[in-house]
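Only one structure is covered here, and it is reproduced in the block below.
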Amino acid sequence: MGDTHQAVAIVPTSDIDASEAFYRKLGFDVVSDYDHYRILADGRGWHLHLTRAPGWPKTIEDNPFGLYLYVEDVDAIAERVRDRIIEQGTPARKPWGTYEFAVSDPSGLLVRVGRIID
């Protein structure tokens, strides 16, 4: 990573294989696999760590966490996960200055994918 200043999310999941498959649809690939801990990246700046956490969350609705992925071609990513998009009519322009959509990962983590617009 050199001198890059970054933050990387470590995402707990009770089903690491299902989570990996979900994030692959968003454009991630596994770059390191330690069985119960996997490191994913898209080769362009996204990095994500999946860690197996049996029983997490107790119910999908209990997952309070979220992840925002910034990308230029929001529509292309949306097409890969169209059947999982939460809000009808998205991706769309939001009042807070983004063009985005939202999905839930297999553990109920809210994942927003978007870009800042002028």
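Values quoted throughout were computed directly from the atomic coordinates according to the rules given, and no laboratory measurement underlies them. All of these numbers come straight from a predicted model, not from anything done at the bench. Neighbour counts run over all protein chains shown; Cβ positions are idealised from the backbone, glycine included.
Tabulated data for the structure shown
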{"quantity": "Residue-wise HN-Hα coupling along the stretch 10-17, computed from phi with Karplus coefficients 6.51, -1.76, 1.60 (Hz; x: Gly, Pro)", "calculated": "10, 9, x, 8, 7, 10, 5, 5"}
{"quantity": "Gaussian network model of the chain, Cα within-10 Å springs - most flexible of Glu87, Glu20, Glu79", "calculated": "Glu87"}
{"quantity": "Counting DSSP beta bridges with both ends in the stretch 9-116, the antiparallel % (nearest 5)", "calculated": "65 percent"}
{"quantity": "Total formal charge among the other residues, if their Cβ is under 14 angstrom from that of Arg82, Lys/Arg +1 and Asp/Glu -1", "calculated": "-1"}
{"quantity": "Computed [θ] at 222 nm, helices only, for the chain once each DSSP H run of length n ≥ 4 contributes -39500 (n - 2.57)", "calculated": "-4500 deg cm²/dmol"}
{"quantity": "q = 0.14, 0.19, 0.21 Å⁻¹, the chain: log10 I(q)/I(0) [Debye, one scatterer per Cα]", "calculated": "-0.60, -1.07, -1.25"}
{"quantity": "Proximal charge balance of His36 [Cβ under 15 Å; K/R count +1, D/E count -1]", "calculated": "-3"}
{"quantity": "Cβ-based net charge around Thr59, under 15 Å, with every Lys or Arg adding one and every Asp or Glu removing one", "calculated": "-3"}
{"quantity": "Backbone N under 19 Å from the Arg80 label point (7 Å along Cα→Cβ), restricted to the stretch 23-53", "calculated": "23-33, 38-51"}
